[in-house]
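Student: I have a structure here, written as structure tokens, and I will follow up with some questions on it.
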Amino acid sequence: MDGFIAYVRTFVPIAIGAVVTFLARQFDIVIDSESAQGAVLFVNAVVTGAYYALIKYAETRFPWIGWLIGYAKSPTYL
């Protein structure tokens, strides 16, 4: 079960980063085509990392907030 929790807590922030990046593109944030692909990847990585770090920090004070990264319990590793 802990392996599943670890995967969920990894992939949910990635999905959130992808959704935020998609929404930014829907609001007509336009850059030139040569820079677009790299910029989208960079923004997605930054949003994903920031989201995960924010939730992990908040989770130390409010354990229930872990649901925002897919599971409210940290996995245990042997």
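Each value in this text was obtained by applying a stated rule to the coordinates, not by laboratory testing. Since we're looking at a predicted model, the values are computed, not measured. Every residue, glycine among them, receives a Cβ derived from its backbone with ideal geometry; neighbour counts consider all protein chains shown.
Student: Quick one: grab the alpha carbon gyration tensor of the chain, order the square roots of its eigenvalues as a ≥ b ≥ c, and give me rounded if a/c is under 1.5, else prolate or oblate depending on whether a/b is larger than b/c.
Tutor: Details: a/c = 3.12, a/b = 2.34, b/c = 1.34.
Because a/c hits 1.5 or more and a/b exceeds b/c, the chain counts as prolate.
Student: Once the Cα atoms of helix 2-26 and of the chain are each reduced to a long axis, what angle between those two axes, in degrees from 0 to 90 to the nearest 10, is obtained?
Tutor: For 2-26 against the chain, the angle is about 20 degrees.
Student: Can I ask one more? What order, most packed first, do the peptides 17-28, 45-56 have when packing is the mean number of other Cβ atoms within 10 Å of each residue?
Tutor: 45-56, 17-28
Student: Would you work out which of L41, V20, A6 lies farthest towards the positive end of the dipole of the chain? Charges go on Cβ: Lys and Arg +1, Asp and Glu -1.
Tutor: Final value for the positive-end residue is A6.
Student: Any idea what angle helix 33-61 forms with the longest principal axis of the chain, computed on alpha-carbon atoms, 0 to 90 degrees, nearest 10?
Tutor: With both axes taken from Cα atoms, the answer is about 20 degrees.
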